[in-house]
Every structure is written in C-alpha cells, then in structure tokens.
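Contents: one structure, followed by commentary.
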Amino acid sequence: MRLFPLLPLIILLIADAPTSVLSRKNGPGDDELKARAVKLAHNYIIVDTHVDVPYRLRKKMENISVRTEGGNFDYPRAKEGGLDAPFMSIYVPAGYEKKGTAKALADTLIDMVAAFATDWPDKFAIATSVSDVRAQSKKGLISLPMGMENGAPISGDLANLKYFYDRGIRYITLTHSKDNHICDSSYDTTHTWRGLSPFGKKVVKEMNRLGIMVDVSHISDDAFYQVMELTEAPVIASHSSCRFFTPGWERNMSDDMIRLLAKKGGVIQINFGSSFVNDEYHRASDEVYKILRAHHIEWDDPAADEYIKKYQQEHKFDYADVSEVADNIDHVVKLVGVDYVGFGSDFDGLGDSLPNGLKDVSFYPTLIYELLKKGYSDGDIRKVCGENLLRVWSEVEQAAKRMQSMK
Ligand SMILES: [Zn+2]
C-alpha cells in the first residue's frame with residue numbers, strides 16, 4: 001500500500017541526481033550494469049532454497065520442461081534466469097499431521113520430483129550433495145535438491161529422518177503454519193512447547209548427525225533460540241526476510257536472530273514475497289486475508305487473486321519492487337557481512353504477490369542488477385547467488401561425517 005507513491009520517488013530523484021550523473025561519466029552505465037548482471041547470473045551458481053513446484057503441480061499438473069502458462073517456474077525460464085539449483089519444496093500442510101497422512105504425502109511429492117529427473121534427464125537431475133550441484137551445473141543441468149517444509153512426516157519416529165535422508169531430503173523446516181509434534185510455529189499463538197518439544201530436541205541432533213540442514217523458517221522465536229543452543233552445525237532460514245522491514249512479524253527474522261544465525265555460520269535466504277519485504281503490503285495483505293477468510297477462500301486459491309486485485313484497485317496499493325528484495329539482502333550484509341545471505345524466493349508458493357521486476361525464475365538478473373547498483377562486487381554477487389548456501393550445506397555434510405566417525 002503506497003499512500004504517497006510519488007513523494008519518496010521525488011526525494012530519491014533529487015538525492016540521486018549528482019551521483020547518477022557522476023556514475024554515467026565515470027562508472028559503468030545502466031545498460032552495462034544490466035549486461036553484467038545477466039552475465040553473472042549465468043556464470044555463477046544460483047541456488048534458490050525454496051521453490052514450491054511440487055505443491056503447485058499437485059494442484060494443477062503442467063509440463064515444466066517447456067514454457068508453462070501459469071506458475072513462476074519452468075525449464076526455459078529457469079535457464080533464462082541462470083538458475084542452477086532450485087530446492088524443490090516437499091510441502092506438507094499442517095492438517096496432515098492429525099490425519100496421519102503426512103508421510104504418505106511427502107512420499108508422493110518426492111516421487112513427483114524424482115519423475116522430473118527421469119522424464120527429462122537432459123534438463124533436470126536430483127542433487128543430494130554440494131558436489132552433485134557443482135557437477136550438474138557444469139553439465140548445464142538444473143539440479144533439483146529437496147527440502148521438506150514441515151517436519152510432520154517424521155511422525156514421532158527418528159528412524160524416519162534416515163528414511164527421508166535416503167529419499168534425498170537435505171533440509172527440513174521443523175514446522176509450518178501450526179505447532180506440530182517437533183516445535184512451535186511463528187504463526188501459532190498456542191505456544192504448545194514454548195519452543196521445541198522434547199522429541200524436537202532429538203530431531204535437531206539426529207538431523208546434525210545425518211547431514212540434513214535444520215531450517216528455522218516458520219518456527220517461533222523460542223524454537224529458534226533453542227535450535228541455536230542445540231545445533232552442532234550451521235543452520236539455514238530457507239525463505240525468511242528481515243523483520244526490520246516488517247516490524248513485529250515473527251515469520252521474518254529479527255536483527256538479533258540474524259546476528260546469532262551468522263555467528264554460528266548459518267545463512268538467511270531472503271523470501272521475495274511482497275508481504276515479506278514491504279510493511280505496507282504486509283499490512284494490506286493481512287486485511288485481504290480477513291476478507292478471504294470471511295468468504296472461506298484459501299489464500300493460495302486462484303479465486304483469491306480476484307479479491308486481491310479488487311482490494312489493490314480500491315486501496316491503490318502496489319506490489320513491492322525488486323529493489324526492496326535487494327534492500328533486505330543489503331540489510332543482512334550491513335548487519336553481519338556478505339557471507340550469510342542468499343535467495344529463498346518462495347516462487348510458486350506466494351500466489352499473486354511477487355514484487356514488480358521479480359515475477360518468476362527468469363528474473364534473477366534483475367535482482368543481481370539491483371545489488372550491482374548498490375556497489376556489490378562480482379565476488380559478493382557470487383556468494384549471495386549460491387556460494388553462501390553451498391558453504392553451509394558443505395559444513396553440514398562435514399559435521400555429519402565427523403559425528404558419524406566418532407561412534
Ligand atoms: Zn513457507
């Protein structure tokens with residue numbers, strides 16, 4: 001929601017005038033920077049830790065080996081954007097835990113991702129290690145590592161962690177929208193466990209031992225601090241942004257949490273969603289959710305788009321801009337340095353709420369361009385695009401080897 005859309009723009013133009021004239025004279029021009037962004041996107045490994053393709057296709061099957069009409073991801077657009085390794089989200093909605101069908105759903109979604117690689121072996125390949133990602137990227141293949149969103153499929157049995165490791169799962173988001181048997185959710189006010197459950201504490205240890213990255217996105221603040229106490233390897237936030245820009249919203253990470261995450265070597269992968277990076281949009285979408293709930297429509301139902309558009313027209317609020325995603329990245333960099341941040345878009349999981357200039361997987365160069373405008377070096381871009389995440393993943397692999405050899 002931009003109440004005074006022109007005012008900041010005018011200030012920005014005035015404030016920016018001397019530097020932009022200067023940069024045109026002395027530094028690289030706009031077209032040059034844009035071309036450099038495209039080149040870097042294709043030269044460096046881009047890892048995106050949260051892409052909801054399986055969930056999207058479960059609702060409506062499409063052939064992602066060719067350009068699709070809907071959705072944010074398909075092979076041609078991923079290639080255009082320079083994407084190397086989108087983590088396929090094995091998303092299990094909260095309700096499945098009670099029904100006892102969480103494990104079955106996870107298996108179905110993993111089967112779907114496995115089929116992408118067997119159906120189109122010249123385009124996609126499963127990745128279960130950092131070396132898989134590097135080797136497949138060299139061959140021009142798009143790697144499909146997998147992360148499980150919601151630990152519900154563990155179903156109270158630690159043996160299921162090994163089971164899902166063997167099926168290719170390399171991170172687990174401990175919970176999703178509700179408290180589950182592992183830990184509390186940032187969206188749930190019940191505070192069932194005041195953080196991690198006793199079983200959840202064992203889950204973190206066993207994930208460390210197996211080499212599955214612990215994902216702290218979605219979990220409550222209490223649970224986050226308990227994970228940080230317990231974990232013997234760095235952790236990731238697979239798709240969270242900075243609470244600095246959305247004050248009071250527990251789903252995003254506070255500065256204190258980002259500092260602690262970085263201190264322990266972890267990485268925050270910035271969520272691209274307009275409501276994650278822009279407070280006005282966030283507050284407006286809260287209002288829209290109230291309307292949707294009144295009409296018994298789920299936020300990710302296609303029917304919801306109509307309500308969102310109508311609300312946008314009536315209230316004159318616009319999507320966030322790609323530059324605000326860059327601002328979130330830059331906030332982390334200013335807090336803790338360039339080694340602890342990356343991309344966790346949430347593509348295909350956000351409905352119609354992506355920022356202008358960042359609508360699908362072909363747009364990574366636009367985001368890189370925004371970072372170049374901020375003065376990021378090629379080396380900085382390389383880290384943010386994928387090397388930070390690969391470093392953490394590699395440290396998790398090493399920690400698991402150490403722990404297993406100690407037995
Ligand atoms: Zn999520």
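Asp107 versus Asn356, label points 7 Å from Cα toward the beta carbon: distance in nm?
About 4.8 nm separates the two model spin labels.
So what's the gap between the Cα centers of the stretch 58-114 and the stretch 216-247, to the nearest angstrom?
Taking the Cα centre of each part, the stretch 58-114 and the stretch 216-247 sit 24 Å apart.
Once amide H atoms are placed 1.01 Å from N in the peptide plane, what residues at a sequence separation of 5 or more from Leu144, or on another chain, have their amide H within under 5 Å of its amide H?
Ala125, Ile126, Ala127
Can you list which of the GluC sites (Glu not before Pro) found in the stretch 293-367 are DSSP loop residues with at most 13 other C-beta atoms within 10 Å?
Passing sites in the stretch 293-367 are Glu298.
Using a probe of 1.4 angstrom, how much of the accessible area of the stretch 86-180 is carbon and sulfur, in percent? Walk me through the numbers before you get to the answer.
On the way: 1880 of 3490 Å².
After summing per-atom areas, the C and S share lands at 54 percent.
Relative to the longest principal axis of the chain, what angle (0 to 90°, nearest 10) does the C-alpha long axis of helix 279-294 take?
The angle comes out near 60 degrees.
Just to verify a number: FRET efficiency for His295 and Lys60, C-beta to C-beta distance, R0 = 22 Å, to 0.05?
Details: r = 21 Å, r/R0 = 0.96.
Given R0 = 22 Å and the Cβ-Cβ separation, E is 0.55.
For the stretch 234-303, which whole percent of the accessible surface, found with a 1.4 angstrom probe, sits on carbon and sulfur atoms?
On the way: 1530 of 2820 Å².
Carbon-and-sulfur percentage of accessible area, whole number: 54.
Run the simple label-point estimate for Asp378 and Lys401 please: 7 Å along Cα→C-beta, distance reported in nm.
If labels sit at Asp378 and Lys401, their model points lie 3.0 nm apart.
Counting Lys and Arg as +1 and Asp and Glu as -1, each charge on the Cβ, what is the dipole of the stretch 324-407 about the Cα centre in debye, to the nearest 20? Provide the component values of the computation, followed by the final result.
On the way: 10 positive and 14 negative charges, 103 e Å.
Dipole magnitude for the stretch 324-407 comes out near 500 debye.
Taking the 0 to 90 degree range and rounding to the nearest ten, how far is the long axis of helix 30-43 tilted relative to the main principal axis of the chain, both from C-alpha atoms?
With rounding to tens, the tilt is 20 degrees.
Relative contact order for the chain: what is it in percent, counting Cα pairs under 8 Å that are at least 6 residues apart?
Values: 797 pairs, mean separation 81.0, N = 407.
After rounding, I find 20 percent.
When only C-alpha pairs under 8 Å and at least 6 residues apart count, what is the relative contact order of the stretch 218-272, in percent?
Values: 69 pairs, mean separation 23.5, N = 55.
That works out to 43 percent.
Quick one: work out Rg over Rh on the C-alpha atoms of the stretch 175-293, Rh as Kirkwood radius.
Working: Rg = 14.5 Å, Rh = 14.7 Å.
Ratio value, two decimals: 0.99.
With every protein chain left in place, what is the accessible area per residue of the chain in square angstrom, probe 1.4 Å?
On a per-residue basis, 43 Å².
Return the Cα extents of the chain along principal axes one, two and three, sorted largest first, each rounded to a whole Å.
Between the extreme Cα coordinates on each principal axis of the chain lie 63, 50, 43 Å.
How much FRET efficiency would the formula 1/(1 + (r/R0)^6) give for Glu306 and Thr189, where r is the Cβ-Cβ distance and R0 is 22 Å, rounded to 0.05?
Working: r = 30 Å, r/R0 = 1.35.
In this case the efficiency is close to 0.15.
To the nearest 10 degrees, how steeply does helix 302-315 sit against the main Cα axis of the chain, on a 0 to 90 scale?
That works out to roughly 40 degrees.
From the backbone phi of the stretch 322-333, what are the Karplus-calculated ³J(HN,Hα) couplings (6.51 cos²θ - 1.76 cosθ + 1.60, θ = phi - 60°) in whole Hz, Gly and Pro given as x?
Using θ = phi - 60°, the values come out as 3, 5, 6, 5, 4, 4, 5, 4, 5, 4, 5, 4 Hz.
Give me the percent relative contact order of the stretch 148-222, please, defined on Cα pairs under 8 angstrom at least 6 residues apart. Before the final figure, lay out the partial values.
Values: 133 pairs, mean separation 25.6, N = 75.
The normalised contact order for the stretch 148-222 reaches 34 percent.
As a check on your grasp of the helix formula, calculate [θ] at 222 nm for the chain: sum -39500 (n - 2.57) over DSSP H runs of n ≥ 4, divide by the residue count, round to the nearest 500.
Values: 18 runs with 204 residues, N = 407.
The per-residue figure over the chain is -15500 deg cm²/dmol.
The values are calculated or read from the model by the stated rules, or taken from the named source; none is laboratory data. If you're wondering where the values come from, they're calculated on a predicted model, not measured in any experiment. Note: ideal-geometry Cβ built from the backbone for every residue, glycine included; neighbour counts use all protein chains shown. Accessible surface is based on the protein model in full, side chains and every heavy atom, while ligands, DNA and RNA are left aside. Shrake-Rupley method; radii C 1.70, N 1.55, O 1.52, S 1.80 Å.
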